[in-house]
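One structure below.
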Amino acid sequence: MLATETPAINASTSKSGGVGPRPVDILVIGGGPGGTPAAMALASAGRRVLLVEKGAGLGGTCLFEGCIPSKILHESAQRLQAIRCAKKFGLHLPAGEVEIDWDAIMRRKAAILQHRSEGALQRVRHIPTLTVQFGSAALLGPRRARITPRDGESEDIEFGNAIVATGSVPKLLPITGIDLPQVVTSEQLLEIEHLPKRLVVIGAGPIGVEMAQIFAAFGSQVTLLEAGPRILAPIDEEIAIALQTHIQWQGIVLELGAQVLGIYADGDSARVQYQNATGAQRNANAETVLEATGRHPNVERLGLEYTSVRFDHHGVKVDGKLETDEPGIYAIGDVVGHPMFAHWATVQALALAGHLLGRPTHFPTPAINSAVIFSTPEVGIAGLTESEASAAGHNIGIARYDFRADARAQVSGHPEGMLKLVYDKTERAVLGVHILAEGAASLLGEGALAVAAKVPLEVLAATIHSHPTLSESMGVAAREAITSGR
Ligand SMILES: Cc1cc2nc3c(=O)[nH]c(=O)nc-3n(C[C@H](O)[C@H](O)[C@H](O)COP(=O)(O)OP(=O)(O)OC[C@H]3O[C@@H](n4cnc5c(N)ncnc54)[C@H](O)[C@@H]3O)c2cc1C
């Protein structure tokens, strides 16, 4: 078990004192993309729900420190790249470099976050049986919790069911220098006041890759260190290896098989010492070092030890209906472990809400999950990889498409990338869709539908895709696989 710190339990600190704890039907702990939709769906059906969020607003890591701020920076970086490539499209801009106004980018980010956070609060205010409390919640037992508001006295409550949706926190390498001021997490990098001249990114998972490419586009000299033999370990190998080439074309120094040994202060900078794939010791210097080696489930100070809820460093243990070992207590989203995506937390939330409302419910399985990595070019994945499908016993076929020959990709100036459809040759159903292309994020919707609905390859082949669009790739890949009997 992970170490947890739980506030001292002392009935005298509780506002409820002698009158007994306030009863609620459902306690939801955490107001991210998991907890908020769960609370809203349950309260909209008339349940008395208490949603407790310890941050400043509703939206969780996704809104304040993850998906949205990173995509705001990504958008500015993409537009900068587009301006730099204007000549290729016959557009001659006035001579000189484009000026990056970092403060303006940060102000735009803050404004979007505030707008979205206020929108979320307005939506919950319209639900009469939903109470939102800003503060922290900790379980005191299987049916009791203590709520400590940000201002004011704590209160004990009694709940019928509880949903733990407390998300995840950055994992930190146990190495010398991890606590140096130059070493930041993704949350801190997204708040950085100045663009670093040099940035070392430790870890080439989705967050590390996205950040490395964003800051390289803004002009930082980036070194990306990855301990494994390739980037983005869980995704399709061919796509990951193709993306590595793009990363290197962008001028990022990519070191695979790099074991970071320690980080040392070097004036205002930091020196990251690592052992490279050949066993030689190397150093990478930078003003800022991003530690992006993954995320832990957030189970700190939750009082799980006063219940039968089990957890380890992978997450809270739940069954197929997201119930923990403590009957009536459920967990959703990042705190349950991988996959850690905002939309995954939300689909789990909505399925669980349906289940608690007594509706027939299909709980989502990772085999139909989809995800986008906002790299350059983008990566879109839905369903199973070739190896996962083979391991699951499918007789697999692969349909392919090369975006170098694609009309839309050529028009938009990104004639690169690939699409792979993994399908079951016997049952014909599409099991996985894997895309590397600028525009994969939008294209993936059809792939996610094909996987979720187990669409036969023949249906995809017969679907009429408009010309010239990237979506034609789906139909062409399917038709060619059918014709060639692949
Ligand atoms: C840099 C970055 C980029 C990302 N980009 C994407 C992306 O593009 N797409 C995507 O799908 N996902 C992305 N993610 C992942 C995504 O942010 C998470 O998967 C998602 O936020 C998980 O939702 P959640 O509701 O489980 O947890 P969270 O969003 O972490 O919400 C948990 C909430 O619980 C609160 N909380 C914790 N403990 C307590 C307590 N004791 N009492 C009260 N409240 C508590 C926290 O304050 C937090 O607000 C990104 C993550 C990062 C870090």
Check: How large is ³J(HN,Hα), in whole Hz, for each residue of the range 375-389 in order, when computed from phi with the Karplus curve 6.51 cos²θ - 1.76 cosθ + 1.60 and θ = phi - 60°, using x for Gly and Pro?
Finding: 8, 10, x, 5, 10, x, 9, 9, x, 8, 7, 3, 5, 5, 5
Next item on the list: State the Cα centre-to-centre distance between the range 246-275 and the range 408-486 in whole Å.
Entry: 37
Next item on the list: Give the calculated FRET efficiency between Ser387 and Glu305 to the nearest 0.05, with a Förster radius of 41 Å applied to their Cβ-Cβ distance.
Entry: 0.60
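How long are the semi-axes of the ellipsoid equivalent to the chain, from square roots of 5 times the Cα gyration tensor eigenvalues, in whole Å, largest first? Write down the numbers at each step before the final one.
Values: eigenvalues 309, 183, 96 Å².
Whole-Å semi-axes of the equivalent ellipsoid: 39, 30, 22.
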Item checked: Amide H partners (placed H, <5 Å) of His296, local residues excluded -> Val169, Lys171
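Between the DSSP loop rule and a limit of at most 12 other Cβ atoms within 10 Å, which trypsin sites (Lys or Arg not before Pro) in the range 283-332 are left?
On the way: sites: Arg295, Arg301, Arg310, Lys317, Lys321; in loops: Arg301, Arg310, Lys317, Lys321.
Sparse-neighbourhood loop trypsin sites (Lys or Arg not before Pro): Lys321.
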Next item on the list: Mind giving me the nanometre distance, one decimal, between the label points for His194 and Asp25, set 7 Å out from Cα along Cα→Cβ?
Entry: 5.5
Checklist line | Cα Rg, Dmax (largest Cα-Cα span) when computed across the range 221-368, Å | finding: 20.6, 61
Check: Rounded to the nearest 500, what is the chain's calculated 222 nm mean residue ellipticity when only DSSP H runs of at least 4 contribute -39500 (n - 2.57) each, over all residues?
Finding: -9000 deg cm²/dmol
Check: Using the Karplus equation 6.51 cos²θ - 1.76 cosθ + 1.60 (θ = phi - 60°), what ³J(HN,Hα) coupling, rounded to whole Hz, does each residue of the range 232-243 give in order, writing x for Gly and Pro?
Finding: 6, 2, x, 8, 3, 5, 4, 5, 4, 5, 5, 5
Next item on the list: Would you grab the residues whose amide H sits under 5 Å from the one on Tyr330? Only those 5+ places off in sequence or on another chain, please, with H modelled 1.01 Å from N.
Entry: Ala162, Ile163, Val164, Thr324
Notebook entry, point to check: If exposed GluC sites (Glu not before Pro) are those in a DSSP loop with at most 10 other Cβ within 10 Å, what is the longest stretch of the chain that has none?
Noted result: 194-486
Note to self: Out of all DSSP beta bridges in the range 47-172, what portion is antiparallel? Express it as a percent rounded to 5.
What the structure shows: 65
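Starting from the Cα-Cα distance between Glu237 and Glu158, subtract it from 0.36 nm times their residue separation and give me the gain in nm to one decimal.
On the way: separation 79, 0.36 × 79 = 28.44 nm, distance 4.91 nm.
Full extension of this stretch gives 23.5 nm more.
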Notebook entry, point to check: Which Cys in the chain stand alone, with every other cysteine's Cβ at 4.7 Å or more from theirs?
Noted result: Cys85
Margin query: Run the numbers for Asp151 and Asn285: contour at 0.36 nm per residue of separation, minus the present Cα-Cα distance, in nm.
Written below: 43.9 nm
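I need the trypsin sites (Lys or Arg not before Pro) found in the range 333-417, filtered to DSSP loop residues with at most 12 other beta carbons within 10 Å of theirs. Walk me through the intermediate numbers first.
On the way: sites: Arg400, Arg404, Arg408; in loops: none.
Counting only loop positions with at most 12 other Cβ atoms within 10 Å, none of the trypsin sites (Lys or Arg not before Pro) in the range 333-417 qualifies.
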Checklist line | Footprinting exposure proxy for Ile157, Ile178 (fewest neighbouring C-beta atoms within 10 Å first) | finding: Ile178, Ile157
Margin query: If neighbour count is taken as other Cβ atoms inside 10 Å, put Thr426, Thr376, Thr185, Thr463 in order from fewest to most.
Written below: Thr426, Thr463, Thr185, Thr376
Next item on the list: Using the number of other C-beta atoms within 10 angstrom as an exposure proxy, rank Ile263, Ile252, Ile398 with the fewest first.
Entry: Ile398, Ile252, Ile263
Next item on the list: Would you work out if the range 183-293 is rounded, prolate or oblate? Take a ≥ b ≥ c from the square roots of the eigenvalues of the alpha-carbon gyration tensor; rounded if a/c is under 1.5, else prolate when a/b is larger than b/c, oblate otherwise.
Entry: oblate
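Work out, step by step, the length gained on full extension between Val411 and His313: first 0.36 nm times the residue separation, then minus their alpha carbon distance; give nm to one decimal.
Details: separation 98, 0.36 × 98 = 35.28 nm, distance 4.70 nm.
Between Val411 and His313, full extension yields 30.6 nm more.
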Checklist line | Within the range 465-486, backbone nitrogen closer than 17 Å to the virtual label 7 Å beyond the Cα of Arg428 toward Cβ | finding: 475-486
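Relative contact order of the chain, please, whole-number percent, based on alpha carbon pairs below 8 angstrom and at least 6 residues apart. It would help to have the intermediate numbers written out before the result.
Values: 1031 pairs, mean separation 70.8, N = 486.
Reported as a whole number, the value is 15 percent.
Every read-out reported here was derived from the displayed coordinates using simple, explicitly stated rules and does not represent laboratory data. Given the structure is predicted, the values throughout are model-derived calculations rather than measurements. For neighbour counting, all protein chains shown are included, and Cβ atoms are generated from backbone atoms with ideal geometry for every residue, glycine included.
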